[in-house]
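To start, the structure itself, in C-alpha cells.
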Amino acid sequence: MATGREVLDYYGITVEQAMDFIMANINNPEAIYYGASELGITTQHLSDITGYSADAIKNYFESSGLSVEALDEVKLLFNSNLGHLDYLVNYNTHTGSLSTTSLSEQVKASLDDPIQYEALFESIYGYEEADGLYTPDETGISHLGKISAAPESLESIFFGTLINIINSLDIGELQQIANFPPITADNLNDFIVLVSDSLSDMPATPYPDNFLQENVVKDAVTLIEDYWSPDSQVIGILDDSPFLGLVIA
C-alpha cells in the first residue's frame, strides 16, 4: 500500500500542509477524521505523516467515539480476514456462458442502471492504482499477490469468487442452510458456523453451467444494487458477498 507521503503526493498536498491542517484541528478530531476518510487516508498513513504511532492515533480517535475500523476500510475486495476461506477468492477461468465476458453482459442487462456495473470495478481512491498495481494491502487478499490495477482484474476475481462460493455448497448443505430456523441473536453464531463449515471445501461434483450461470448472475445483480444503495457503507466489492460476507463480517 502507498505510504502516507505517497498518498499526499498523489493529491498534491505537502507534508507541511497536512501537518498545518492537523495541528489547526488538534482539538477537533472529527475534522481530521472525516478529512482523512474522504481521501482514503488510514491510521497507518497518518502515522507515516505525523510520526505518531498507529496505536496513538487510534486512541486519539476512539476517545472521541470515532471508529478507526471504518477509517481503515479502504481495501478493494475484502476488508475482513478470510482465514481458511481465502481459497474461494480467485480469477474466473471458466469459458462459454460462465466466462467473465458472458456473465458481465448478462448482469448489465439485468441492472436498472448498467453504469453501476462499470463503476464497481474502479478504485475509489486513485492512489491505489497510481503505480499500475494493486498490492495485497490494497485488495485485502494476500494469496493473489500483486495484480494489475485494471478493472478487468477485479471483474475476473469478482465472478471467479461468486462461482467458487456457489460451487462450494453441495445440495445437502444448501438444504441445511435453507431449512435453518429464523435467525435470532441466540442462534446467529450457530448459523455462521454452519455456513463456514459448508464453505470450507468443494463438493466432488460441481454444478452444471446453467445452474451456476443463473445463480451467479442473480447474486452479482443483488451485490451491485446493494453496493450502490444510498444506505450502503461497503468499500470492498466482495465485502457483502453471499454467505462468505456473513461468515467474515
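The values are calculated or read from the model by the stated rules, or taken from the named source; none is laboratory data. Treat the numbers as computed from the prediction; the structure is a model and nothing was measured. Cβ: placed from backbone, ideal geometry, glycine included. Neighbour counts: every protein chain shown. Note: areas computed on protein heavy atoms with side chains; ligands, DNA, RNA excluded. Shrake-Rupley method; radii C 1.70, N 1.55, O 1.52, S 1.80 Å.
Side notes on the structure shown:
- Near pairs, Cβ below 6 angstrom, 6+ apart or cross-chain, from the range 94-121 (touching a residue at least 12 places away in the same chain (Cβ under 8 Å) and more than 15 Å from LEU162 (Cβ to Cβ)) to any residue that is polar (S, T, N, Q) and part of a helix (DSSP H, G or I): none
- Top-ranked residue of the range 133-169 - restricted to ones that are open to solvent by 10 Å² or more (accessible area, probe 1.4 Å) and of a type in the set (D, E, K, R), ranked as modelled with the lowest pLDDT: ASP137
- Restricting the range 118-132 to residues that are hydrophobic (A, V, I, L, M, F, W, C) and modelled with pLDDT under 95 leaves a set whose member that is most open to solvent (accessible area, probe 1.4 Å) is ILE124.
- THR93 being part of a helix (DSSP H, G or I) and polar (S, T, N, Q): no
- Residues that are closer than 23 Å to PRO136 by Cα, at pLDDT 95 or above and in contact with a Phe, Trp or Tyr (Cβ under 8 Å, 6 or more places away or on another chain) within the range 44-73 comprise just one, LEU46.
- Restricting attention to the range 196-249, the residues that are more than 13 Å from the chain's Cα centre (by Cα), hydroxyl-bearing (Ser, Thr, Tyr) and open to solvent by less than 60 Å² (accessible area, probe 1.4 Å) total 5.
- Within the option set SER156, SER123, being small (Gly, Ala, Ser) and under 13 Å from the mean Cα position of the chain (by Cα) holds for one residue only, SER123.
- Extreme residue, farthest from the chain's Cα centre (by Cα), among residues of the range 48-76 that are over 20 Å from ASN27 (Cβ atoms), open to solvent by less than 50 Å² (accessible area, probe 1.4 Å) and not acidic (Asp, Glu): ALA54
- Unique residue being over 29 Å from THR3 (Cα atoms) and over 23 Å from the mean Cα position of the chain (by Cα) when the list is THR95, THR100: THR95
- The residues of the range 113-171 that are more than 26 Å from PRO203 (Cβ to Cβ), in a helix (DSSP H, G or I) and of a type in the set (Val, Ile, Thr), listed by number, are ILE115, THR139.
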